[in-house]
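The structure under discussion appears below in the form of structure tokens.
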Amino acid sequence: MPLTLVAQAPTIKTSVHLVQIPAIVKDAKGKPIDGIKPEEFQLLDDAIPQTFQADTADTVQAPVAIVVAIQSSGIALPALAKIQDQGGIIQPLIAGDRGQGAVLAYDSEVRTIQDFTTDGSKIRRAFFDTGSRSIKTARMVDAVKEGVRMLETRPEAYRRVLLIIGEARDRGSKSKLDPVIELAQRANVSIYTITYSVQAVAFTSRPEDVPPSPGGMDLIAAMQEAGRFQMRNAADALSGSTGGSHQSFTTVSALEKAFTVLSS
């Protein structure tokens, strides 16, 4: 009788000196709850209680390294008009010795607008420098992969955060979603997503912020857009798999509220 040899996966062992566990406490309606004290948490490992240090917005024991990736494709211009004024919201996270931030833009390509800096004014300027290179392409998953690569260069003691601001579904990335999620998990990166519908945002925007549709009404393009809603929601998958959160907005006030979740 012929024998079949089955290769066994190798066992890899490693020591981890620091494990960061992002946690957001929400009420029954899904709204974040502030004021939770560290002693109200219990951390178990194989049912055994573990000692831990709590890092809150007040103590900030672990400095923050944050990469903000902003969708910059032409269809996103109405949303960009609202987003660009929010660059200052990142400053409390990177002020002084508390951390550092970087900004990416993504459409048909992923571009580094601002490398890691502790200067909040450079972050604000970078938000305004996210010019469009394409109409519809928005390589979100590729941007996540690049953001994770950048965050891997930061010290392990940092809280590594990736913030995606764009549509919830990808438009043309070369990278696959699940392997990129695994990369983020291995690099201990928490992914937060703030998303919008380009159609809904356009209704709440000034006429000068809404770009004209190239070539008029395109029935095929409209059908393709409708089909996109059957695609996997990348924003949900990325945030849900890495300990982050997914917020959405249509108006500026809703965008400001979405940012408070990240800074709380």
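Odds and ends about this structure:
- Residue in the range 71-79 that is among the hydroxyl-bearing types (Ser, Thr, Tyr), buried (at least 23 other Cβ atoms within 10 Å of the Cβ), more than 16 Å from the chain's Cα centre (by Cα) and not in a helix (DSSP H, G or I) present: yes
- Any chance ALA143 is within 22 Å of MET231 (Cα to Cα) and in contact (Cβ under 8 Å) with a residue 60 or more places away in the chain: yes
- Cβ separations smaller than 6 Å between residues 6+ apart or across chains give the following pairs from the range 184-211 residues that are of a type in the set (D, E, K, R) to residues that are modelled with pLDDT under 85 and open to solvent by less than 60 Å² (accessible area, probe 1.4 Å): ASP209/PRO78; ASP209/ALA81.
- Restricting attention to the range 48-61 and to residues that are of a type in the set (A, V, I, L, M, F, W, C) and at pLDDT below 75, the residue that is surrounded by the fewest Cβ atoms within 10 Å (Cβ to Cβ) turns out to be ALA57.
- Test: residue in the range 89-97 that is surrounded by 23 or more Cβ atoms within 10 Å (Cβ to Cβ), at pLDDT below 90 and not β-branched (Val, Ile, Thr): yes
- Scoring ARG169 on the criteria (1) touching a residue at least 40 places away in the same chain (Cβ under 8 Å); (2) assigned to a strand (DSSP E or B); (3) not aliphatic (A, V, I, L, M) leaves a single failure, condition (2).
- Within the range 245-258, the set of residues being at pLDDT 70 or above and not in a strand (DSSP E or B) comprises SER245, PHE249, THR250, THR251, SER253, ALA254, LEU255, GLU256, LYS257, ALA258.
- Test result for GLN86, under 20 Å from ALA65 (Cα atoms) and outside any helix (DSSP H, G or I): no
- Hits in the range 117-136 (condition: in contact with a helix residue (DSSP H, G or I) (Cβ under 8 Å, 6 or more places away or on another chain) and within 27 Å of ARG171 (Cβ to Cβ)): ILE123, ARG124, ARG125, ALA126, PHE127, PHE128, THR130, SER132, SER134, ILE135, LYS136
- Among (1) more than 25 Å from THR242 (Cα to Cα); (2) at pLDDT 90 or above; (3) open to solvent by 50 Å² or more (accessible area, probe 1.4 Å); (4) not charged (D, E, K, R) - the single one THR112 does not satisfy: (1)
- Flag for THR130 being of a type outside the set (Asp, Glu) and crowded, with 17+ Cβ neighbours inside 10 Å: yes
Yes/no matrix, rows are residues, columns are (1) over 13 Å from LYS82 (Cα atoms); (2) over 11 Å from the mean Cα position of the chain (by Cα); (3) modelled with pLDDT of 85 or more:
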position: THR153; (1), (2), (3): yes, yes, yes
position: THR195; (1), (2), (3): no, no, yes
position: ILE220; (1), (2), (3): yes, yes, no
position: ALA235; (1), (2), (3): yes, no, yes
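The values are calculated or read from the model by the stated rules, or taken from the named source; none is laboratory data. Note that this is a predicted model, so its numbers are computed, not measured. We place every Cβ from the backbone using ideal geometry, glycine too, and count neighbours over all the protein chains shown. Protein only, heavy atoms only, side chains kept; ligands, DNA and RNA dropped before computing areas. Shrake-Rupley method; radii C 1.70, N 1.55, O 1.52, S 1.80 Å.
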